[in-house]
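S.K.: Sharing a structure, written as structure tokens. Questions coming.
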Amino acid sequence: MINKIKNRSLFLVFMSVFIFESTGFCQETVNVDTTTYKPVELMPGYSASLNEVYTSTADWEGKLDIYFQPKSTKLNPLIINIHGGGWNHGVKESQTGFNSFFKKGFSIANIEYRLTAKAKAPAAIEDARCALIYLIKNASRFNIDVNKIIVMGGSAGGHLALMTGLLANNHLFDINCRGVENIHVAAIIDKYGITDVWDWAYGKNITSKSATNWLGDKMNNEDFAKSVSPINYINKNSPPVFIVHGDADPTVPYQHSVDLYQKLLSLGVKTEFITVSGGLHGKFEKTKNTEINNSIIDFILSLNVFK
């Protein structure tokens, strides 16, 4: 009897492993974030509207949190913030350090998007674009100045910020949110973002499989990878871009930001590039982060639209 029980247990374990692996689930599983995050600390005059549904698919709702000034007598600038995580993990609630922006009167929209386990490329780009379009459509409700919208993100969030802003009025990835023309952002803040997806998938400095997992069945399609790579959308009319990257980044090659900066300069696009000497993948010292935030604000306020 005991042997039968042991044999049955082994059989169940075997079948569980077989099902787990044969479905490919083991490749797409992401760690569920069970961290309890502190809420964003608001300054006087600010209110929060949490979990606004900005788009939806058959089995998913895209949500954002927006922190804005409902009683403001003027329209306010907005920063759309996009979390990182290799397109395969991360939550909007992890993004909380906005006091320096609140002090300057900026509203903040924290967005989520479909991760790799839910949908492959270009789903995350489609969602980020939908968030931008939703906020433009609801600008009066949130006192948003549509001429002063900035898109910001780090790592994969940096990639999505770049794609969202650089696409401008190109509606290639706007299939879920039609109806807004003349889309233009005032600036893009790119923190150590992926700029060349093909290179990150197959280049000489690869440290993860995030890119090939995100590309999915298009993992060997170089043309498609180029279509989701920000470096290929820069032109002389691109919005200003602020870049920060550690030159010892072990995750996203520092060269991605170097190439981005050089192409922006060559086309006459306003840009600023801060290199963090010895900096890893966003793991900068507190004083350096403060310096970077101040530089970001100075860069934004130097733009003609803010003068």
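The values are calculated or read from the model by the stated rules, or taken from the named source; none is laboratory data. Note that the coordinates shown come from a computational prediction; the quantities given were computed from them, not determined experimentally. Here the Cβ positions follow ideal geometry from the backbone for every residue, glycine too, while neighbour counts run over all protein chains shown.
S.K.: Among residues belonging to segment 190-214 that are in a helix (DSSP H, G or I) and among the aliphatic types (A, V, I, L, M), point out the one that is surrounded by the fewest Cβ atoms within 10 Å (Cβ to Cβ). Can you show your working first?
M.R.: Start the filter on segment 190-214 by keeping residues that are in a helix (DSSP H, G or I), which leaves 197-202, 210-214.
Those left that are additionally among the aliphatic types (A, V, I, L, M): 197, 201, 211.
On the way: VAL197: 27, ALA201: 21, ALA211: 25.
Of everything passing the filter in segment 190-214, ALA201 is surrounded by the fewest Cβ atoms within 10 Å (Cβ to Cβ).
S.K.: Out of SER295, SER238, I need the residue that is in contact (Cβ under 8 Å) with a residue 40 or more places away in the chain and either part of a loop (DSSP other than H, G, I, E, B) or closer than 30 Å to LYS209 by Cα (or both). Which one? Working first, answer last.
M.R.: Details: SER295 fails: either part of a loop (DSSP other than H, G, I, E, B) or closer than 30 Å to LYS209 by Cα (or both).
Step by step, each of SER295, SER238 is checked, and only SER238 is in contact (Cβ under 8 Å) with a residue 40 or more places away in the chain and either part of a loop (DSSP other than H, G, I, E, B) or closer than 30 Å to LYS209 by Cα (or both).
S.K.: Looking only at segment 90-113, filter to residues that are surrounded by fewer than 19 Cβ atoms within 10 Å (Cβ to Cβ) and in a loop (DSSP other than H, G, I, E, B); which one of those is modelled with the lowest pLDDT? Write out each step before concluding.
M.R.: Step one: list which residues in segment 90-113 are surrounded by fewer than 19 Cβ atoms within 10 Å (Cβ to Cβ), which gives 91, 93-94, 96-97, 99-100, 103-105.
With the extra rule that they be in a loop (DSSP other than H, G, I, E, B), the set shrinks to 91, 96-97, 103-105.
Details: VAL91: 95, THR96: 87, GLY97: 84, LYS103: 96, LYS104: 96, GLY105: 96.
If we take residues in segment 90-113 being surrounded by fewer than 19 Cβ atoms within 10 Å (Cβ to Cβ) and in a loop (DSSP other than H, G, I, E, B), then GLY97 is modelled with the lowest pLDDT.
S.K.: Report, by residue number, each residue of segment 274-304 that is in contact with a Phe, Trp or Tyr (Cβ under 9 Å, 6 or more places away or on another chain) and within 18 Å of ASN147 (Cβ to Cβ).
M.R.: Result: ILE297, PHE299, ILE300.
S.K.: Identify the residue in segment 42-72 that is of a type in the set (D, E, K, R) and surrounded by 14 or more Cβ atoms within 10 Å (Cβ to Cβ) and, among all such residues, is nearest to ILE150 (Cα to Cα). Before the answer, list the steps.
M.R.: Pass one, segment 42-72, residues of a type in the set (D, E, K, R): 52, 59, 61, 63, 65, 71.
When the remaining residues are screened for being surrounded by 14 or more Cβ atoms within 10 Å (Cβ to Cβ), the result is 52, 63, 65.
On the way: GLU52: 19, LYS63: 19, ASP65: 16 Å.
Within segment 42-72, the match that is nearest to ILE150 (Cα to Cα) is ASP65.
Residue-wise test of (1) at pLDDT below 95; (2) part of a loop (DSSP other than H, G, I, E, B); (3) in contact with a Leu (Cβ under 6 Å, 6 or more places away or on another chain); (4) small (Gly, Ala, Ser).
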position	(1), (2), (3), (4)
GLU126	no, no, no, no
CYS130	no, no, no, no
ALA139	no, yes, no, yes
ILE150	no, no, no, no
GLY157	no, no, no, yes
ALA161	no, no, no, yes
ASN170	no, yes, no, no
ASP174	no, yes, no, no
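S.K.: Sort out which residues of segment 250-292 are surrounded by fewer than 18 Cβ atoms within 10 Å (Cβ to Cβ), assigned to a loop (DSSP other than H, G, I, E, B) and of a type in the set (Gly, Ala, Ser), and write them in order of number.
M.R.: Once the filter is applied, which keeps residues that are surrounded by fewer than 18 Cβ atoms within 10 Å (Cβ to Cβ), assigned to a loop (DSSP other than H, G, I, E, B) and of a type in the set (Gly, Ala, Ser), segment 250-292 yields GLY268, SER277, GLY278.
S.K.: Would you pick out the residues in segment 60-80 that are within 21 Å of ALA121 (Cβ to Cβ) and touching a residue at least 24 places away in the same chain (Cβ under 8 Å)? Working first, answer last.
M.R.: Just the residues of segment 60-80 that are within 21 Å of ALA121 (Cβ to Cβ), to begin with: 60-64, 80.
Across segment 60-80, the qualifying residues are TRP60, GLY62, LYS63, LEU64, ILE80.
S.K.: OK, next. Taking the condition within 21 Å of PHE273 (Cα to Cα), under 15 Å from the mean Cα position of the chain (by Cα) and either in a loop (DSSP other than H, G, I, E, B) or among the basic types (Lys, Arg) (or both), does GLY165 pass?
M.R.: Numbers: within 21 Å of PHE273 (Cα to Cα): yes; under 15 Å from the mean Cα position of the chain (by Cα): yes; either in a loop (DSSP other than H, G, I, E, B) or among the basic types (Lys, Arg) (or both): no.
No.
S.K.: Just to be sure I understand the filter: pairs with C-beta atoms under 8 Å, separated by 6 or more residues or on different chains, first member in segment 198-221 and more than 16 Å from ARG114 (Cβ to Cβ) and modelled with pLDDT of 95 or more, second member hydroxyl-bearing (Ser, Thr, Tyr) and assigned to a loop (DSSP other than H, G, I, E, B). Which pairs pass?
M.R.: TRP198/SER229
Conditions (1) over 19 Å from the mean Cα position of the chain (by Cα); (2) acidic (Asp, Glu), marked per residue:
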{"position": "GLY179", "(1), (2)": "yes, no"}
{"position": "ALA186", "(1), (2)": "no, no"}
{"position": "LYS218", "(1), (2)": "yes, no"}
{"position": "ASP223", "(1), (2)": "yes, yes"}
{"position": "SER229", "(1), (2)": "no, no"}
{"position": "PRO240", "(1), (2)": "no, no"}
{"position": "LEU260", "(1), (2)": "no, no"}
{"position": "LEU264", "(1), (2)": "yes, no"}
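Every residue, every condition in (1) of a type outside the set (Val, Ile, Thr); (2) out of contact with any Lys or Arg (no Cβ under 9 Å at 6 or more places or on another chain); (3) under 21 Å from GLY85 (Cβ atoms), yes or no:
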| residue | (1), (2), (3) |
| --- | --- |
| GLN255 | yes, yes, no |
| VAL269 | no, no, no |
| LEU280 | yes, yes, yes |
| VAL305 | no, no, no |
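S.K.: Right, something else. Taking LYS307 as meeting all but one of (1) at pLDDT below 95; (2) surrounded by 13 or more Cβ atoms within 10 Å (Cβ to Cβ); (3) closer than 22 Å to ASP145 by Cβ, write down the number of the exception.
M.R.: (2)
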